[in-house]
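Taken together, the values in this text are just the output of simple stated rules run on the coordinates, not laboratory data. Note that the coordinates shown come from a computational prediction; the quantities given were computed from them, not determined experimentally. Heads up, the Cβs are rebuilt from the backbone with ideal geometry, glycines too, and the neighbour counts pull from every protein chain shown.
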Amino acid sequence: MLKITPISDPDKETMQGMFTIADTTPPILQPISDVENYKTIPVSFTITVSDATGGPIFLAADSSNYSIITSKQIQFEPSVIHNIASGVPQAVQVTINTSYVAGPVTISITAFDSGNLSDTQSFSFNIIDAPNIPDSERQFLIDLYKSTYLNVYESWQKQPTHTDYFSMPGTECMWEGITCYNGGNYILAIDLPNKNARGRLPDSISNLTHLKSLNLADNQINSIPDTIAALTELESI
């Protein structure tokens, strides 16, 4: 809807034949559902923005708890919609990275149009601690990657990364091919067939004391260390 406002001349106290046409319809953000997520895992989702009159749309975000999530940790792609068509929904990818603190947080996302009209949608997180596998099991996964050149880069080294250049501790059970007990206490199975792996399995495979299944079929693994004998629960290989 457009609002037409006449411009008055205070000197003559009459209405001039000139008008200001102002946009009175704000952009629209679709509602966002509340979610729950482990603290070290980035969250990505899509929001939809529309505007009845079209034009540029600017996006901003705010956090209720800056110790967990700051505004800088909320990223939009794109952050500015330069040519949104009138009434046509536009998808925007939102990625949120969390800090190393657990707790509740509410995120507010606001869409502004060129006339500074806006719409805001809020949703809540309950950031919880992810159960971590032992450091020794994580080390085996890193050793396996480095010694066999596994083709799992996009999954195992997804941002944000730790100082070892692999995804953050607590995320291992979401890495490609890894199955954990109870969501993360220890590794139960590795299923990585046809990943262009080659060479020798690292000696640190003995760290996986609860491993039940190891599937590296259709790779070029040419040597298995004697330390695999320590895997007393291993059922299939």
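At a threshold of 8 angstrom on Cα-Cα distance, excluding pairs fewer than six apart, so keeping six or more, what relative contact order does region 135-230 reach in percent?
28
If N is the number of residues in region 135-230, what value comes out of its Cα radius of gyration divided by 2.2 N^0.38 Å?
1.00
How much net charge surrounds residue 47 when only the other residues with a Cβ under 13 Å from the Cβ of residue 47 are counted, with Lys and Arg +1 and Asp and Glu -1?
-2
If Lys and Arg each add +1 and Asp and Glu each add -1, what is the summed charge of the other residues whose beta carbon sits under 14 Å from the beta carbon of residue 164?
Cβ neighbours under 14 Å give a net charge of -1.
At q = 0.21 Å⁻¹, work out log10 I(q)/I(0) for region 27-128 with the Debye formula, treating every Cα as an identical point scatterer and leaving solvent out; two decimals please.
Debye output, listed in q order: -1.00.
Nothing charged except the Cβ atoms of Lys and Arg (+1) and of Asp and Glu (-1): what's the magnitude of the dipole of region 27-128 about its Cα centre? Round to the nearest 20 debye.
I would put it at about 240 debye.
Could you pull the Cα extents of region 189-237 along its three principal axes, largest to smallest, in whole Å?
Each principal axis gives a Cα extent; for region 189-237 these are 27, 17, 12 Å.
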